[in-house]
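Asker: Here it is: the structure, laid out below.
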Amino acid sequence: MDLKVRAKVAYDGTDFVGFQRQAARRGRTVQGELEAALEKVCRSRVAVVGAGRTDAGVHATGQVIAFAVDWKHPLDALGRALNATLPEDVAVRDLAPCEAGFHPRYSAKSRTYVYTVYVSEVRQPLLRRFAWQLEQRPDVAAMNEAARQLIGVHDFAAFGSPPSGRVGETTVREVLRADWQAMDERLWFTIEANAFLFRMVRRIVMALVRVGRGEYGPDEIRDMLESRDAQRIKGLAPACGLCLVDVKY
């Protein structure tokens, strides 16, 4: 009988087209690499399910996966075998047995993302894969004033679309935390919600940075929410700054 296992996964998303396996192969996926490693180690095909379908270029330190596997050895041995097989930009940890009904996505109570920005007139080669460079420092106080308007239950249609792409699926989400922190030239935006829409965080970050630049007033975030108009916000914050850090159950 197969053992149901859950694990945390960290990855540098730079060279991936996203977490989810693609129907038509367009490049590397995290799910594809995990399943290939499991097949090599366990000598059978194993399907992996993830908590979040991170987009191309998005990173993770706290992605959660689950899979059923025929494994009769200690789970720490499976973890070591997988990490010896996986490419250098993916790693698994904290493997543990879980109930048969556990689903990383549908069982989750909340997810937390952190978006990293650095302020510098000169590019920083060691940060470019994991942060968005701004040449001038935005007004962090104004960005936090605007971010507070996101907290609570709202229709976020102006900021994203349902991950499934199905017409009529709800775009209502509950944001539990949304705030900016700053230290020297670095800024971090932390957002926790029960679930996220497709590209919701990157669109929110873009809107908040524009508040910090004085292009929008802080109250315009509320207007955007109420408008449900996806055309109100132009552009996305770069994927390189975004990281899935935690999933709570």
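Asker: Go through (1) buried (at least 18 other Cβ atoms within 10 Å of the Cβ); (2) farther than 21 Å from VAL201 by Cα; (3) touching a strand residue (DSSP E or B) at 6+ places or on another chain (Cβ under 9 Å) one by one and return the number of the condition THR29 breaks.
Answerer: Result: THR29 fails condition (2) only.
Asker: Within the range 229-249, work out how many residues are in a loop (DSSP other than H, G, I, E, B), at pLDDT 90 or above and surrounded by 14 or more Cβ atoms within 10 Å (Cβ to Cβ).
Answerer: Qualifying residue count, the range 229-249: 3.
Asker: Right, next: Hey, does the range 63-71 have a residue that's surrounded by 16 or more Cβ atoms within 10 Å (Cβ to Cβ), among the polar types (S, T, N, Q) and either without any contact (Cβ under 8 Å) to a residue 60 or more places away in the chain or in contact with a Ser or Thr (Cβ under 6 Å, 6 or more places away or on another chain) (or both)?
Answerer: no
Asker: Now for a different question. Here are GLY152, GLY160: which of them is under 19 Å from ARG203 (Cα atoms) and exposed (fewer than 14 other Cβ atoms within 10 Å of the Cβ)?
Answerer: Criteria check complete, one pass: GLY152.
Asker: Additional query: Would you mention how many residues in the range 174-204 are over 11 Å from the mean Cα position of the chain (by Cα), in a helix (DSSP H, G or I) and over 14 Å from ILE151 (Cα atoms)? Reasoning before the result, please.
Answerer: First pass over the range 174-204, keeping only residues over 11 Å from the mean Cα position of the chain (by Cα): 174-190, 193-194, 203-204.
From what's left, in a helix (DSSP H, G or I): 203-204.
Keeping just the survivors that are over 14 Å from ILE151 (Cα atoms) gives 203.
Qualifying residue count for the region: 1.
Asker: Just checking, how many residues over the range 79-101 are touching a strand residue (DSSP E or B) at 6+ places or on another chain (Cβ under 6 Å), outside any strand (DSSP E or B) and of a type in the set (A, V, I, L, M, F, W, C)?
Answerer: Residues meeting the conditions: 3.
Asker: Which condition number does GLY52 fail, the rest of (1) surrounded by fewer than 19 Cβ atoms within 10 Å (Cβ to Cβ); (2) touching a Pro at 6+ places or on another chain (Cβ under 9 Å) being met?
Answerer: (1)
Asker: Can I ask one more? If I filter the range 219-237 for residues that are within 14 Å of the chain's Cα centre (by Cα), closer than 17 Å to ALA157 by Cα and β-branched (Val, Ile, Thr), do I get at least one hit?
Answerer: Looking for residues that are within 14 Å of the chain's Cα centre (by Cα), closer than 17 Å to ALA157 by Cα and β-branched (Val, Ile, Thr), one finds none in the range 219-237, hence no.
Asker: For the list (1) among the charged types (D, E, K, R); (2) modelled with pLDDT of 95 or more; (3) surrounded by fewer than 19 Cβ atoms within 10 Å (Cβ to Cβ), I need the number of the one condition that LYS8 fails.
Answerer: So the condition that LYS8 fails would be (3).
Asker: Still on this structure, please answer the following. In the range 1-14, which residues are under 16 Å from THR61 (Cα atoms) and acidic (Asp, Glu)?
Answerer: We begin by selecting, within the range 1-14, every residue under 16 Å from THR61 (Cα atoms); these are 6-14.
Selection gives ASP12 alone.
Asker: Name the pairs whose Cβ atoms lie under 6 Å apart, with the first residue in the range 81-109 and within 21 Å of GLY57 (Cα to Cα), the second surrounded by fewer than 16 Cβ atoms within 10 Å (Cβ to Cβ), and 6 or more positions between them or separate chains?
Answerer: These pairs meet every condition: ALA91/ASN83.
Asker: Take ALA23 and decide whether it is in a helix (DSSP H, G or I) and not basic (Lys, Arg).
Answerer: No; evaluated as a whole, the condition is false for this residue.
The values are calculated or read from the model by the stated rules, or taken from the named source; none is laboratory data. Computed from a predicted model, the values in this text were never measured in an experiment. Methodologically, a virtual Cβ is constructed for each residue, glycine included, from the backbone with ideal geometry; neighbour enumeration extends over all protein chains shown.
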